[in-house]
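The values are calculated or read from the model by the stated rules, or taken from the named source; none is laboratory data. Only a predicted model underlies this, so the values are computations on that prediction, with no experimental measurement involved. All Cβ positions, even for glycine, are placed from backbone atoms using ideal geometry, and neighbour counts span all protein chains on display.
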Amino acid sequence: MRKRFLIIAALCAISASFQQVPKLNETDTSALIKASYLYHFSKLVDWPAQAKTGNFIISVMGSTSVYQELVKKYNAKQIGSQQIEVRKLTKTLNISNCHVLYVGKECEDILPDIIKALKNEPTLIVSDASGALKKGADINFIVEDTKLLFELSVKNATDKDLFIGSTLKSLATRIQ
Amino acid sequence: MRTLIYVLFVSLLLPSLAMAQIDDRTQEAYGLYKLGMLKDAAEKIDEVVESKNGKTDAQAWHVRGFIYKDIYAKLENSAINSKSQEEAVRSFKTSMELDEERKLIEMNQLALKFLGVSYFNHASEIIDRHNVYTIDRANDNYLKYKSLMTFLYPDSSLKSKDVEFHLAMSTAYRKIYDEEPQNRAEFFEKSNNSLLMVLDLDPNNWAANYSYSVSFYNKGARNLQQLPNTESIIDVYAISSESMRSIEIALPFMLKAYEIDPDKIESIKGLKWILFNLHQEEESKKMSDLERLKESQR
């Protein structure tokens, strides 16, 4: 039998898009956590009777990302029978009635003045500044070992007729 | 992963009938093969290699290899998981082991290389589909490719192919996970395990370091996006703690990616976000400034 073979072989490679690096999720995770905490603080603090009518107002001064997260995810929720209403405030001392006021880092410098302005109002003041409880804030976000936690002042809250529940106290890193 | 194209013009490639004495039944099988009667040829050659003399006949195994290769390539259209492909491989390997005079070596090697590349291409095809039910079969096909290449070229290194394969597998597993992250946690693990295999082979692989980092960072960020659905502040505390742990895992791998290639904008952006979310705001700002600088230089 005649030995016959002819081989034409070519080895080549074509690029393919099998390997793709993942896309980074560009999220401000602090804003997600703070917004969620603000919502839960609202559920776990008891306001005096006169504050239990109308909408439940959460105001945000500074920190656009926290405001946006609250508007997007929590605006339709309720605190008891009250509908949540989220408001964005400019850096001002002219603050209308609200149940919760979050003062972002950008507005840290006017925090003492804000506290003074709201001294007799049943407004839970949540801040993001070191030593804020001593200045009169009720709850203050802190970072410990990369974790976002909070400290609270029962006294500051009680002075404004705000009652802080035991669950909130048990999760606080420090209580004054 | 790249698809290999190994073009063998199978219509022109015929078995080498090199020996003086060839079993008549092998001749008969070869004749059927040449006429394109592949199933009949297979039946005939199976009888030969099962016979006392035939089972040690390198020529018979060689012809058998070609018959099954063509069944796989022509009748089965190079289907994945083909038994004929397996039989062809087994036949060519047996022929090589029996071929003491090495008269059939070149043809056996070429045919085995073709079959090996086919396994590689099957693996690529499975990866490209990234189907939740079939993706793991890519591993089997790649291992068969590796096994054949090692058999043919014992001294060659397949490290770069291994890296390419595991990166591609990681991508496929990740895509499967991303479709239903709540129900497919095991694919998150599999994707990261594939990246760890790459890092084991090549610790300075940029893509593996970057992907591993982003994988954990995204997991943390994704978990936090579930926060609005939580009923209790205790859940918020638990989810945020777990998420931060994921983001912490991401940091050293992104730092390594940045060290490997400081000019890559992806690593700079990655560090900016990871550091920011770990509350290292000063360091994050430096990366943000660097990002702006790099983008202005583009």
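Just a few scattered comments:
- Meets criteria (more than 18 Å from A:D46 (Cα to Cα), touching a Phe, Trp or Tyr at 6+ places or on another chain (Cβ under 7 Å) and not in a helix (DSSP H, G or I)) for A:V60: yes
- A:K72, sole failed condition from (1) more than 14 Å from chain B (Cβ to nearest Cβ); (2) exposed (fewer than 14 other Cβ atoms within 10 Å of the Cβ); (3) part of a helix (DSSP H, G or I): (1)
- Qualifying residue in segment B:163-184 (condition: over 18 Å from A:Q19 (Cβ atoms) and either of a type in the set (S, T, N, Q) or buried (at least 19 other Cβ atoms within 10 Å of the Cβ) (or both)): yes
- Matching residues in segment B:238-254 - criterion: being at the interface with chain A (Cβ under 8 Å from one of its Cβ atoms) and closer than 30 Å to B:V198 by Cβ: B:S241, B:S243, B:M244, B:I247, B:E248
- Considering the conditions (1) surrounded by 17 or more Cβ atoms within 10 Å (Cβ to Cβ); (2) over 25 Å from A:N55 (Cα atoms); (3) at pLDDT below 95; (4) out of contact with any helix residue (DSSP H, G or I) (no Cβ under 6 Å at 6 or more places or on another chain), A:F150 is excluded by exactly one of them, (3).
- Any hit, segment B:144-152, residues being surrounded by 15 or more Cβ atoms within 10 Å (Cβ to Cβ), within 24 Å of B:Y212 (Cα to Cα), more than 10 Å from chain A (Cβ to nearest Cβ) and among the charged types (D, E, K, R): no
- Qualifying residue in segment A:124-137 (condition: within 22 Å of A:I33 (Cα to Cα), free of Cβ contacts under 8 Å to residues at least 24 places away in the same chain and within 14 Å of chain B (Cβ to nearest Cβ)): yes
- Residue within segment B:215-229 that is at negative phi, outside any helix (DSSP H, G or I) and within 13 Å of chain A (Cβ to nearest Cβ) present: yes
- Counting only residues that are charged (D, E, K, R) and closer than 13 Å to B:Y30 by Cα, segment B:48-84 holds 2 of them.
- For segment A:27-56, filtered to residues that are within 8 Å of chain B (Cβ to nearest Cβ) and touching a Gly at 6+ places or on another chain (Cβ under 8 Å), the residue that is surrounded by the fewest Cβ atoms within 10 Å (Cβ to Cβ) is A:L44.
- Of all the criteria given as (1) touching a Gly at 6+ places or on another chain (Cβ under 8 Å); (2) under 15 Å from A:S42 (Cα atoms); (3) of a type in the set (S, T, N, Q), the one not satisfied by A:N140 is (1).
- Among the residues of segment B:198-224, those that are among the aromatic types (F, W, Y) and surrounded by fewer than 24 Cβ atoms within 10 Å (Cβ to Cβ) comprise B:W206, B:F216.
- Some residue of segment B:88-96 being over 10 Å from the mean Cα position of the chain (by Cα) and of a type in the set (V, I, T): yes
- Residue within segment B:278-298 that is assigned to a helix (DSSP H, G or I), within 12 Å of chain A (Cβ to nearest Cβ) and either aliphatic (A, V, I, L, M) or touching an Asp or Glu at 6+ places or on another chain (Cβ under 6 Å) (or both) present: no
- Test: residue in segment B:196-217 that is within 24 Å of A:K105 (Cβ to Cβ) and out of contact with any His (no Cβ under 6 Å at 6 or more places or on another chain): yes
- Restricting segment B:229-281 to residues that are touching a residue at least 40 places away in the same chain (Cβ under 8 Å) and small (G, A, S), the residue that is farthest from B:E295 (Cα to Cα): B:A257
- All conditions but one from (1) at the interface with another protein chain (Cβ under 10 Å from one of its Cβ atoms); (2) surrounded by fewer than 16 Cβ atoms within 10 Å (Cβ to Cβ); (3) under 20 Å from B:N193 (Cα atoms) apply to B:D235; the one that does not is (3).
- B:E125 part of a helix (DSSP H, G or I), surrounded by 14 or more Cβ atoms within 10 Å (Cβ to Cβ), of a type in the set (D, E, K, R) and at pLDDT 95 or above: no
- Among residues of segment B:284-298 that are within 18 Å of B:I247 (Cβ to Cβ), those with a beta-carbon under 7 Å from a residue that is surrounded by 13 or more Cβ atoms within 10 Å (Cβ to Cβ) at least six positions away or on a different chain give the pairs B:S284/B:K272; B:S284/B:L275; B:S284/B:F276; B:M287/B:I268; B:M287/B:L271; B:M287/B:K272; B:M287/B:L275; B:S288/B:K272.
- Residue within segment B:188-197 that is surrounded by fewer than 22 Cβ atoms within 10 Å (Cβ to Cβ) and of a type in the set (K, R) present: yes
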